[in-house]
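All remarks here apply to the structure that follows.
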Amino acid sequence: MQYYSTRNRTTRVSLREAVLKGLAPDGGLYMPERFEQLPSGFLESARGMSFHEIALTMAGSLFGREPGDGVLRRIIVEAFDFKVPLVTLADGLHVLELFHGPTLAFKDFAARFMARLMAHFVVGESRELHILVATSGDTGSAVAHGFQGVPGIRVHILYPSGRVSAIQEAQLTTIGGNVSALEVAGTFDDCQRMVKEAFLDREIGSRLMLSSANSINIARLIPQSFYYVWAWSRLEDGGHPTVVSVPSGNFGNLTAGLIAKRMGLPVQCFIAAVNRNDAVPRYLRTGSYSPGPVIPTLSNAMDVSNPSNFDRILDLYGRDHLRLAGDLKGFSFSDDQTRAAMRRLHDRYGYVADPHGAVGYLGIESFVEGNGGSVDAVFLETAHPAKFPDTVEQATGISVPVPPQIEQALRREKRSARMKGTVDELKGYLLSCI
Ligand SMILES: *Cc1c(COP(=O)(O)O)cnc(C)c1O
């Protein structure tokens with residue numbers, strides 16, 4: 001399988017190049033050149049398969065010959081070493097819990113898979129691969145944990161000092177080994193600027209093998225398609241159409257769902273559930289795309305005004321607004337609606353959701369209201385409610401116990417290298433790592 005750039009369909013690169021580069025040189029995003037239909041009989045037999053078996057079949061279809069079955073099986077077994085429960089709340093209402101990985105958010109799926117695939121591609125290189133990431137909190141911790149102990153790779157995470165939560169800082173700074181935390185006296189934008197400048201620096205480029213682990217890497221997208229098939233396979237076949245609601249920010253998660261549908265997964269439609277950052281639902285309604293400024297909300301991992309994966313979605317649908325609007329419905333919700341939904345989920349079903357999952361649930365409610373008829377509805381719960389203790393307590397009165405993963409991180413010793421925020425410091429530091 002080869003990968004093209006959404007900006008130029010005629011350039012083709014190998015999986016290795018797409019994964020190690022991340023972004024195409026023309027600024028486009030990599031996409032697989034074709035989507036194989038799921039093998040015949042696969043969906044019927046999926047009901048009896050394990051998560052790993054389903055993931056292996058999906059990965060085989062999406063990757064083709066490279067990197068091969070044996071490598072994929074090992075990567076999948078190592079990366080997905082946690083449970084992925086589909087919890088039924090009521091007849092026709094289910095929640096897919098994606099937060100049982102080490103950092104308690106769904107980004108673990110993508111980060112753990114990508115880390116191992118990158119490690120496979122650098123085997124035999126004489127130099128180490130250095131991954132440079134700027135983070136405002138959650139992505140950094142998933143990436144840091146994803147690469148922990150992965151041979152041949154060193155990770156450097158830049159985060160803004162005093163501007164991430166205590167839990168996030170503990171998750172970033174207590175890993176050690178091949179993962180270093182760089183604490184920058186500045187903002188997230190300063191961290192991003194330092195990373196960008198480091199990538200443009202000739203001397204760094206010639207002396208270090210450098211890559212990024214940002215959310216547009218195709219290796220982060222593909223593993224997210226696995227759990228849609230998994231969720232479908234765990235539903236009782238009641239003969240109702242399936243709809244899936246995805247709480248969305250950068251729209252990687254939703255793109256992966258649409259890819260699974262393109263490969264033959266019988267989901268009738270997807271729901272893009274967003275907070276007040278509503279460029280995509282507006283596009284679906286009007287056909288015109290006009291992102292506004294970012295609005296801060298309770299579901300802060302989805303505070304994205306101009307989602308980078310939207311271009312992949314348009315590409316997947318040949319930029320045909322009507323066809324896309326047939327498969328994808330979009331709804332936007334306020335913080336008040338989000339808190340009320342957290343309360344309803346708790347009162348009606350005894351379920352404690354985090355604010356992101358609650359937005360996903362609101363998507364189902366709005367869809368059912370507008371469409372009637374019986375459906376089997378699934379919403380994705382993307383973070384553990386314990387990551388948002390104040391919001392959860394305010395909305396539901398419940399205080400969520402701190403999970404052991406977080407408690408352990410909070411107890412370990414913090415290690416970070418402090419930086420003032422210039423690229424020269426970062427350069428000196430990086431060159432000293434050789
Ligand atoms: C990143 C994130 C999202 C948004 O996912 P996208 O793939 O960017 O749309 C939703 N919920 C949580 C908890 C996240 O961390």
TODO: Just one of (1) touching a helix residue (DSSP H, G or I) at 6+ places or on another chain (Cβ under 6 Å); (2) surrounded by fewer than 24 Cβ atoms within 10 Å (Cβ to Cβ) trips up ASN275, so point out which.
DONE: (2)
- [ ] Would you be able to tell me the number of residues in the stretch 121-138 that are part of a helix (DSSP H, G or I) and out of contact with any helix residue (DSSP H, G or I) (no Cβ under 6 Å at 6 or more places or on another chain)?
- [x] 1
TODO: Name, by its number, the condition in (1) buried (at least 20 other Cβ atoms within 10 Å of the Cβ); (2) modelled with pLDDT of 95 or more that does not hold for ARG262.
DONE: (1)
Open item on the list: I'd like to know if the stretch 274-290 contains one or more residues that are assigned to a helix (DSSP H, G or I) and either within 11 Å of the ligand (Cβ to nearest atom) or over 20 Å from GLY360 (Cα atoms) (or both).
Closed with: yes
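Can you tell me which residue within the stretch 392-434, out of those that are of a type in the set (Ser, Thr, Tyr) and more than 28 Å from the chain's Cα centre (by Cα), is surrounded by the fewest Cβ atoms within 10 Å (Cβ to Cβ)?
Top of the filtered list is SER432.
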TODO: Would you check which residues across the stretch 81-93 are touching a residue at least 12 places away in the same chain (Cβ under 8 Å), closer than 25 Å to PRO223 by Cβ, out of contact with any Lys or Arg (no Cβ under 8 Å at 6 or more places or on another chain) and outside any loop (DSSP other than H, G, I, E, B) and list them?
DONE: VAL87
Task: Selection from the stretch 92-149 of residues that are β-branched (Val, Ile, Thr) and away from the ligand (no atom under 11 Å from the Cβ) - done: VAL95, VAL122, VAL123, ILE131, VAL133, THR135, VAL143
TODO: Answer yes or no: is there a residue in the stretch 190-207 that is modelled with pLDDT under 95, away from the ligand (no atom under 14 Å from the Cβ), in a strand (DSSP E or B) and touching a strand residue (DSSP E or B) at 6+ places or on another chain (Cβ under 6 Å).
DONE: no
Task: Residues located in the stretch 226-248, provided they are closer than 30 Å to PRO296 by Cβ, buried (at least 24 other Cβ atoms within 10 Å of the Cβ) and in contact (Cβ under 8 Å) with a residue 40 or more places away in the chain - done: TYR227, VAL244, SER245, VAL246, PRO247, SER248
- [ ] Take the stretch 232-260 and flag every residue that is assigned to a helix (DSSP H, G or I) and either away from the ligand (no atom under 16 Å from the Cβ) or in contact with a His (Cβ under 6 Å, 6 or more places away or on another chain) (or both).
- [x] TRP232, SER233, ARG234
Open item on the list: Condition check: surrounded by fewer than 24 Cβ atoms within 10 Å (Cβ to Cβ) and either in a helix (DSSP H, G or I) or out of contact with any helix residue (DSSP H, G or I) (no Cβ under 6 Å at 6 or more places or on another chain) (or both). Does ARG112 satisfy that?
Closed with: no
Task: In the stretch 50-100, the residues that are of a type in the set (Phe, Trp, Tyr) and either in contact with a strand residue (DSSP E or B) (Cβ under 8 Å, 6 or more places away or on another chain) or within 25 Å of TYR30 (Cβ to Cβ) (or both) - done: PHE63, PHE80, PHE99
Task: Residue pairs meeting the criteria (Cβ under 9 Å; at least 6 apart or on separate chains; first over 11 Å from MET1 (Cβ atoms), in the stretch 59-77; second outside any helix (DSSP H, G or I)) - done: ILE75/PRO67
Task: Those residues of the stretch 316-334 which are in a loop (DSSP other than H, G, I, E, B) and under 22 Å from ILE259 (Cα atoms), in sequence order - done: TYR317, GLY318, ARG319, ASP320
Open item on the list: Suppose the filter is surrounded by 24 or more Cβ atoms within 10 Å (Cβ to Cβ), over 25 Å from VAL423 (Cβ atoms) and either out of contact with any helix residue (DSSP H, G or I) (no Cβ under 6 Å at 6 or more places or on another chain) or in contact (Cβ under 8 Å) with a residue 40 or more places away in the chain (or both); does LEU117 pass it?
Closed with: yes
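Matching residues to (1) over 20 Å from VAL359 (Cα atoms); (2) more than 19 Å from the chain's Cα centre (by Cα); (3) among the aliphatic types (A, V, I, L, M):
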{"site": "GLY264", "(1), (2), (3)": "yes, yes, no"}
{"site": "ILE271", "(1), (2), (3)": "no, no, yes"}
{"site": "VAL274", "(1), (2), (3)": "no, no, yes"}
{"site": "PRO307", "(1), (2), (3)": "no, no, no"}
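Listed here are the residues, each with its yes/no results for (1) under 30 Å from ALA59 (Cβ atoms); (2) in contact (Cβ under 8 Å) with a residue 24 or more places away in the chain.
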site: LEU258; (1), (2): yes, yes
site: GLN268; (1), (2): yes, yes
site: ILE271; (1), (2): yes, yes
site: VAL274; (1), (2): yes, yes
site: GLY287; (1), (2): no, yes
site: PRO291; (1), (2): no, no
site: THR297; (1), (2): no, yes
site: MET302; (1), (2): yes, yes
site: PRO307; (1), (2): yes, yes
Task: Sole residue being surrounded by 17 or more Cβ atoms within 10 Å (Cβ to Cβ) and out of contact with any Gly (no Cβ under 9 Å at 6 or more places or on another chain), chosen from ALA170, ALA181 - done: ALA170
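The values are calculated or read from the model by the stated rules, or taken from the named source; none is laboratory data. Everything numeric here is computed off the predicted structure, so don't read it as measured data. Here Cβ is always computed from backbone atoms with ideal geometry, including for glycine, and neighbour counts include all displayed protein chains.
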